[in-house]
Amino acid sequence: MRTVIKNSILGVIGGAVYVCLEMIWRGHSHWTMFLLGAVCFMYSGIQNEYTSWDKPLLLQSVQTAVFITVNEFFAGMIINRWLGWNVWDYSNQPFNICGQICLPFSILWVLVGTAAIILDDYLRYWIFGEENPHYKLL
């Protein structure tokens, strides 16, 4: 039960942070981005929870970016294409797939993923008394 509560708290924080980032970047957001942000934040946080701290941060960041990109694609196909809500459209971006994902944002997700991993680790340390974060870059 403690794990469910902890993950719920972290998910709410991650979803809220993502919506705030989108508000700053685009000037608006959508409730579905809170849910997608929460799921992606929770994934970023488990990158080093079930392995050692020796797992390189760069590898965690790339894995998180791939996770975000794949989830963004499937969420976009449902939210934008199937439901027609038009929350985002990358059609004008280079190397896009169906206007739902694109290479520039996939690269950006590496940076956002790195920040999410670090934020999650420190939240776990500050709020839940878990291990003090330390990283191996490569």
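The values are calculated or read from the model by the stated rules, or taken from the named source; none is laboratory data. No experiment lies behind these values; they were computed from the predicted model shown. Positions of Cβ are backbone-derived with ideal geometry, glycine not excepted, and every protein chain shown enters the neighbour counts. Heavy atoms of the whole protein, side chains included, go into the accessibility calculation; ligands, DNA and RNA do not. Shrake-Rupley method; radii C 1.70, N 1.55, O 1.52, S 1.80 Å.
How far is helix 31-45 tilted off the main Cα axis of the chain, in degrees rounded to 10, range 0 to 90?
40
Defining a contact as two alpha carbons under 8 Å apart and six or more residues distant in sequence, what relative contact order in percent does the stretch 1-105 show?
RCO, the stretch 1-105: 18 percent.
Can you run phi through the Karplus equation (6.51, -1.76, 1.60; θ = phi - 60°) for the stretch 63-78 and list ³J(HN,Hα) in whole Hz, with x for Gly and Pro?
My calculation for the stretch 63-78 gives 4, 5, 4, 5, 4, 4, 4, 4, 5, 5, 5, 5, 5, x, 5, 7 Hz in order.
Using only C-alpha positions, report the orientation-averaged shadow area of the convex hull of the stretch 1-124, nm², one decimal.
Projected area, direction-averaged: 7.8 nm².
I need the GluC sites (Glu not before Pro) found in the stretch 63-138, filtered to DSSP loop residues with at most 14 other beta carbons within 10 Å of theirs.
Glu130, Glu131
How long is the gain from Ile9 to Ile127 if the chain were fully straight, where each residue apart is worth 0.36 nm and the alpha carbon distance is subtracted?
Stretched out fully, the Ile9 to Ile127 stretch lengthens by 41.5 nm.
Going by amide H atoms built from the backbone, whose H comes under 5 Å of the H on Lys136, apart from near neighbours?
For Lys136, whose amide H was placed from the backbone, the distant partners under 5 Å are Leu57.
Just the number, please: carbon plus sulfur as a percent of the accessible area of the stretch 1-129, 1.4 Å probe, no ligands or DNA/RNA counted.
Of all accessible area on the stretch 1-129, carbon and sulfur atoms account for 72 percent.
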